[in-house]
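Visitor: Below is the structure I would like to discuss, written out as structure tokens.
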Amino acid sequence: MSNIYWNGEKHAELKREDVTADWINQGGSSTRGLEATNKAFCIWYNGVQTLQSAYSSEMEESMTECATSGWGMGVDDLEEAFEHLVTEGGKWTDDTSSSQTYNGRGIYVSNKAIPPSATNFLKAVDKLTEELSPALQVYSRLSESIKFLANDLFDNGLSTDNSKMNMIKMHIESINNEAKKIKPHMWITQPLIDPIPLAPKKLPNFAKMSKFADRIDPSDAVIHRMAKPVKFIDAVDKIDKSLKMYIKASTTFGDEKVGMAFAGITFALTYVPILGGFYGRMVSEIPGLADNFKQFMFDYTGGYLRPSEAVTKQSVKKEVEKCSVCKKSLGYKIKV
């Protein structure tokens, strides 16, 4: 479909004076319907940017399903909304009425005060967040155990006793399997996230382990391997590669066996918090989830960071992410 809004070339945004359809007046002086509609446009625009940065056919299919979730006559889904905007030169004149209210993201909008295209899209996207729950639960439950096992492993260094590493491997595998299930829906968050590196000082046998790094991923520099922002799909892939290295270690002997196993587990551990960072973004501002998750992530990553890095990460967390075009919050709630 060739459309500047659908293709993400332009961010659709309506002002009150751009709308002559009846729904703009149904809320009185309230702008909830307008803000909800613009939120739908903003989610789509940023989703396209994410898709272009970290493309997958599954992600594109998930986006399209949400944008074509309407039914009936008139402009009833986001795809048709963008066609309408192009036809009308960025104005909204369509009077297609909605049979559904929108009650989500912290606001309630009467069915008469919002176009059905916005309602249908927002409800479809909101439903995706429900599919996050199993992945979030597994992450929260197992990462706490991983944290204690990993700290003990790093404190004691390499060992021929791999029972702790086996347990860490099993936990990371479970987390990654859940992450794979929600990969198609990761267009609803930002494409990149800053890494949380493991400080080499926490690894007493770092030099011995590092020679196996290029077997996991030659593109990763050993010490500075986490210097660049990471994509969700890349983090999942790198965890897979790391765990394969760990499994391969069982076919070797002596120092190589221990070094390969330790390398595999260590590299996998560096990417686990990145998944958590993406989850934290996705549940941002959702009542009952955000505060607990932020505290959990701080507890989990704090022990691995150098003090200066910890301060930097804490200050970054306080900043509100905003759309680069409309300058509105990319958080879950709709601000009115």
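Visitor: Nearest 0.05, what FRET efficiency do E61 and N166 give at R0 = 56 Å with Cβ-Cβ as r?
Guide: Working: r = 37 Å, r/R0 = 0.65.
Computed FRET efficiency for E61 and N166 comes out at 0.95.
Visitor: Arranged from highest to lowest average of other beta-carbon atoms within 10 Å per residue, in what order do the peptides 123-134, 62-73 appear? Mind dumping the intermediate values first?
Guide: Working: 123-134: 16.2, 62-73: 17.7.
So the order, starting with the most tightly packed, is 62-73, 123-134.
Visitor: Report the gain in length on full extension from T87 to D18: 0.36 nm times residue separation, minus Cα-Cα distance, nm rounded to one decimal. Before the final figure, lay out the partial values.
Guide: Numbers: separation 69, 0.36 × 69 = 24.84 nm, distance 1.36 nm.
Between T87 and D18, full extension yields 23.5 nm more.
Visitor: Among K15/K39; K39/K327; K112/K322; K183/K244, which pairs are too far apart, with a Cα-Cα distance over 22 Å?
Guide: On the way: K15/K39 13 Å; K39/K327 11 Å; K112/K322 29 Å; K183/K244 20 Å.
Exceeds cut-off: K112/K322.
Visitor: List the GluC sites (Glu not before Pro) within the stretch 75-104 that DSSP assigns to loop and that have no more than 16 neighbouring Cβ atoms inside 10 Å.
Guide: Details: sites: E79, E80, E83, E88; in loops: E88.
Here the GluC sites (Glu not before Pro) that fit, given the DSSP loop and packing criteria, are E88.
Visitor: When Y271, Y332, Y108, Y139 are ordered from fewest to most other Cβ atoms inside 10 Å of their Cβ, what list results?
Guide: Values: Y271 24, Y332 21, Y108 11, Y139 27.
Fewest-to-most Cβ neighbours within 10 Å comes out as Y108, Y332, Y271, Y139.
Visitor: Starting with the fewest neighbours, write out M167, M186 ranked by other beta-carbon atoms found within 10 Å of each beta-carbon.
Guide: Values: M167 15, M186 27.
Ordered by Cβ neighbours within 10 Å, fewest first: M167, M186.
Visitor: Where does each of R16, R105 land when they are ranked from fewest to most other beta-carbon atoms within 10 angstrom? List each step's numbers first, then the result.
Guide: Working: R16 9, R105 19.
Least to most surrounded, the residues fall as R16, R105.
Visitor: Another one. Stretched out fully, how many nm does the piece from S133 to D240 gain, at 0.36 nm a residue minus the Cα gap? Write out the running numbers ahead of the final one.
Guide: Details: separation 107, 0.36 × 107 = 38.52 nm, distance 2.18 nm.
Full extension of this stretch gives 36.3 nm more.
Every number in this text was worked out from the coordinates using simple rules, so none of it is lab data. The model shown is predicted, which means the values in this text are computed figures rather than measured ones. For neighbour counting, all protein chains shown are included, and Cβ atoms are generated from backbone atoms with ideal geometry for every residue, glycine included.
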